[in-house]
Amino acid sequence: MTVQVLGTRKSNDTKKALRFFSERRIDCHFRDLTEKGLSRGELENICRVIEPSQLIDATSPRYNKRGMGYMDFDILEEVLEDPLLLLMPIVRFGNRCTVGYSPEEWKRWISETT
């Protein structure tokens with residue numbers, strides 16, 4: 001079992017997700033979104049599982065600084081332009097995906113694969 005964790009090194013929830021999988025000795029591929037964002041294909045794959053409106057962290061300072069609460073915008077285009085708008089971490093395993101810290105869901109993935 002190998003999971004992909006997308007987030008930033010500064011995100012506490014991303015750190016907790018990495019620790020969750022590390023404690024269970026599950027291979028984890030981490031990608032720091034400050035270094036490399038998502039490709040359109042990756043984002044579209046994520047949106048097959050997660051509703052695009054759930055991807056954006058509407059409570060983040062970045063969201064507020066850009067005044068996005070008062071704008072109409074295309075979520076996918078904004079996230080492609082600025083991946084730090086995402087709610088972190090995004091955890092992918094096969095065709096499954098979660099947004100935010102979701103240990104109960106991850107435990108279910110583990111139990112289904114063992």
Practice task
May I ask you to verify whether residue 2 is in contact with a strand residue (DSSP E or B) (Cβ under 8 Å, 6 or more places away or on another chain) and modelled with pLDDT of 95 or more?
Solution key: no
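Would you mention how many residues in the range 28-39 are more than 17 Å from residue 84 (Cβ to Cβ) and touching a helix residue (DSSP H, G or I) at 6+ places or on another chain (Cβ under 8 Å)?
1
Filter the range 50-109 down to the residues that are assigned to a strand (DSSP E or B) and among the β-branched types (Val, Ile, Thr) and list them by number.
Matches in the range 50-109: 56, 90, 91, 98, 99.
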Completion exercise
Of the residues in the range 56-114, those that are at positive phi and either of a type in the set (Phe, Trp, Tyr) or without any contact (Cβ under 8 Å) to a residue 40 or more places away in the chain (or both) come to 67, 94
Completion exercise
Within the range 19-32, residues within 16 Å of residue 98 (Cα to Cα) and touching a strand residue (DSSP E or B) at 6+ places or on another chain (Cβ under 6 Å) come out as 21, 28, 29, 30, 31
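Taking into account only those residues within the range 1-48 that are in a loop (DSSP other than H, G, I, E, B) and within 12 Å of the chain's Cα centre (by Cα), which is surrounded by the fewest Cβ atoms within 10 Å (Cβ to Cβ)?
In this case the residue turns out to be 37.
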Exercise for the section: Go through the range 11-67 and count every residue that is charged (D, E, K, R) and within 20 Å of residue 107 (Cα to Cα). Expected result: 8
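The values are calculated or read from the model by the stated rules, or taken from the named source; none is laboratory data. Computed from a prediction, not measured in an experiment: that's the story for all the values here. Neighbour counts are summed over all protein chains in view; Cβ atoms, including those assigned to glycine, are modelled from backbone coordinates with ideal geometry.
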